[in-house]
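A short worksheet on the structure shown next.
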Amino acid sequence: QVQLGESGGGLVQVGGSLRLSCAASGRTFSAYAMGWFRQAPGKEREFVAAITWSGVNTYYGDSVKGRFTISRDNAKNTVYLQMINLKPEDTAVYYCAARKSPLTVVTSRRASEYDYWGQGTQVTVSS
């Protein structure tokens with residue numbers, strides 16, 4: 001069982017940066033693959049980034065490649081999403097998710113593959 005709580009969202013200017021954090025509580029955080037998804041009003045939930053339990057493999061949605069970086073600190077039970085060069089289209093509620101089973105480049109992009117979800121944190125990029 002894992003409980004997730006996101007933080008770090010807020011209002012930023014175009015081209016600015018934010019770092020989101022997802023703090024986990026419960027057993028065996030280090031054994032969970034982690035992902036970030038986002039959802040804007042009227043749109044489907046979109047895959048943003050994912051990281052395997054070991055941290056060796058990371059995956060990114062096409063829209064954020066080169067701008068976002070996912071990382072994890074298992075000692076702190078926390079996964080991060082560093083976002084740079086933010087654009088208005090990045091505006092969304094960002095959700096942290098955890099998966100007990102191994103993650104692949106294909107399954108990482110499917111929200112249905114994740115077992116636990118946080119409540120989300122709002123990111124707004126203004127011009």
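For this structure, a couple of remarks:
- Test: residue in segment 87-98 that is free of Cβ contacts under 8 Å to residues at least 24 places away in the same chain and in contact with a Phe, Trp or Tyr (Cβ under 6 Å, 6 or more places away or on another chain): no
- Residues in segment 70-96 that are closer than 17 Å to A40 by Cα and either β-branched (V, I, T) or part of a strand (DSSP E or B) (or both): 7 in all.
- Residue list for segment 1-28, filter: polar (S, T, N, Q) and open to solvent by 30 Å² or more (accessible area, probe 1.4 Å): Q1, Q3, S7, Q13, S17, S25, T28
- Of all residues in segment 74-92 being touching a strand residue (DSSP E or B) at 6+ places or on another chain (Cβ under 7 Å) and within 26 Å of R27 (Cα to Cα), the one that is surrounded by the fewest Cβ atoms within 10 Å (Cβ to Cβ): Q82
- If you filter segment 52-62 down to residues that are open to solvent by less than 40 Å² (accessible area, probe 1.4 Å) and at pLDDT below 95, you find that the one that is nearest to Q1 (Cα to Cα) is T52.
- Selected residue (criterion: nearest to M34 (Cα to Cα)) from residues of segment 46-69 that are among the aliphatic types (A, V, I, L, M) and in a loop (DSSP other than H, G, I, E, B): V56
- Filter pass, Q39 being more than 10 Å from the chain's Cα centre (by Cα), open to solvent by 30 Å² or more (accessible area, probe 1.4 Å) and farther than 25 Å from Q3 by Cβ: no
- Test: residue in segment 28-38 that is outside any strand (DSSP E or B), at pLDDT 95 or above, closer than 22 Å to G10 by Cβ and among the charged types (D, E, K, R): no
- Summed over segment 102-127, residues that are farther than 13 Å from G35 by Cβ, modelled with pLDDT of 95 or more and open to solvent by 40 Å² or more (accessible area, probe 1.4 Å) total 3.
- K65 meets each of the listed conditions (1) of a type outside the set (S, T, N, Q); (2) under 18 Å from R109 (Cβ atoms); (3) at pLDDT below 95; (4) open to solvent by 10 Å² or more (accessible area, probe 1.4 Å) apart from (3).
The values are calculated or read from the model by the stated rules, or taken from the named source; none is laboratory data. Just so we're clear, the structure is a prediction, and the values are computed from it rather than from any experiment. Glycine gets a Cβ as well: all are built from the backbone with ideal geometry, and neighbour counts include every protein chain shown. Accessible surface areas use protein heavy atoms only, side chains included; no ligands, DNA or RNA. Shrake-Rupley method; radii C 1.70, N 1.55, O 1.52, S 1.80 Å.
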